[in-house]
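Novice: For reference, the structure I am asking about is given below.
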Amino acid sequence: MSSEAPDHRIVCTLDRVLEERGMTLTELSDRTGLTLANLSILKTGKARAVRFTSLTAICDALACTPGDLFELG
């Protein structure tokens, strides 16, 4: 793990949204067709980019908007 500060302040709140929906990462993977590994990278804040197609699939599965999944920290 790098000790360098991130070059952005965007925080992913996928873990909170999943908890609010009572859904696991595995269930989200099944519903979206996205790999568990890629969703885990996003959930832990290690993702450097997100495809719009992936974001759309996540939003559809969680009945949310991109604004529900990200905050400016």
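Novice: From the helices alone, meaning DSSP H stretches of at least four residues, give me the mean residue ellipticity at 222 nm for the chain, per-run term -39500 (n - 2.57), in deg cm²/dmol to the nearest 500. Please list the in-between numbers first.
Specialist: Working: 5 runs with 39 residues, N = 73.
That calculation yields -14000 deg cm²/dmol at 222 nm.
Novice: Now for a separate question. Using each residue's phi in the stretch 9-14, evaluate 6.51 cos²θ - 1.76 cosθ + 1.60 at θ = phi - 60° and report the 3J(HN,Hα) Karplus result to the nearest Hz, with x for Gly and Pro.
Specialist: These are the phi-based 3J(HN,Hα) values: 10, 6, 10, 8, 10, 4 Hz.
Novice: Related question: What fraction of the Cα pairs in the chain, stated in percent, has a spacing above 20 angstrom? Mind dumping the intermediate values first?
Specialist: Numbers: 614 of 2628 pairs.
Roughly 23 percent, once rounded to a whole number.
Novice: Mind checking the angle between helix 52-62 and the chain's longest principal axis? C-alpha axes, 0 to 90 degrees, to the nearest 10.
Specialist: 50 degrees
Novice: Another question about this same structure. Under the Karplus relation 6.51 cos²θ - 1.76 cosθ + 1.60, θ = phi - 60°, what is the ordered set of whole-Hz ³J(HN,Hα) values for the stretch 39-50, x standing for Gly and Pro?
Specialist: With the stated coefficients, the stretch 39-50 comes to 5, 5, 4, 5, 4, 8, x, 9, 6, 9, 7, 9 Hz.
Every read-out reported here was derived from the displayed coordinates using simple, explicitly stated rules and does not represent laboratory data. Please read these numbers as outputs of a predicted model, since none were measured by experiment.
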